[in-house]
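Enquirer: Here it is, the structure in full.
The values are calculated or read from the model by the stated rules, or taken from the named source; none is laboratory data. What you are looking at is a predicted structure, and each value in this text was computed from that prediction instead of being measured. Here the Cβ positions follow ideal geometry from the backbone for every residue, glycine too, while neighbour counts run over all protein chains shown.
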Amino acid sequence: MVDVSQHELVPEHTVLDEADVEDVLEDYDIERTDLPKIKRKDPALPDDAEQGDVIKVERDSRTTDVAIVYRLVIE
């Protein structure tokens, strides 16, 4: 079986620790539940991602070298 998360077109997904999550939420003045969602079964997620975790997704961008977005893991 192919590991989709390792494909060159899949952006890097990283589980944030709680201190980093708090910084992101404070920077954007939002609650955790305000973040866009990503399902736990998404094959791009790291194996250690659990429901309630916040994921940092780093995509290549033409206008800014790297575009960073955050997602909340849901069931």
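Enquirer: When region 7-31 is examined, which residues are found to be free of Cβ contacts under 8 Å to residues at least 40 places away in the same chain and either part of a loop (DSSP other than H, G, I, E, B) or of a type outside the set (Asp, Glu) (or both)?
Expert: Result: His7, Glu8, Leu9, Val10, Asp17, Ala19, Val21, Leu25, Tyr28, Asp29, Ile30, Glu31.
Enquirer: Continuing with this model, one more query. Looking at (1) surrounded by 13 or more Cβ atoms within 10 Å (Cβ to Cβ); (2) modelled with pLDDT of 95 or more; (3) under 18 Å from Val10 (Cβ atoms), which one does Val21 not meet, given that it meets all the others?
Expert: Here Val21 clears every test but (3).
Enquirer: Take residues that are out of contact with any Ser or Thr (no Cβ under 7 Å at 6 or more places or on another chain) and within 11 Å of His13 (Cα to Cα) and tell me which of the strands (runs of 3 or more DSSP E) falling wholly in region 32-75 contain 2 or more.
Expert: Those strands (runs of 3 or more DSSP E) span 54-60, 66-74.
Enquirer: Looking only at residues in region 25-48 that are surrounded by 10 or more Cβ atoms within 10 Å (Cβ to Cβ) and over 12 Å from the mean Cα position of the chain (by Cα), which one is farthest from Glu75 (Cα to Cα)?
Expert: Among residues in region 25-48 that are surrounded by 10 or more Cβ atoms within 10 Å (Cβ to Cβ) and over 12 Å from the mean Cα position of the chain (by Cα), the one farthest from Glu75 (Cα to Cα) is Tyr28.
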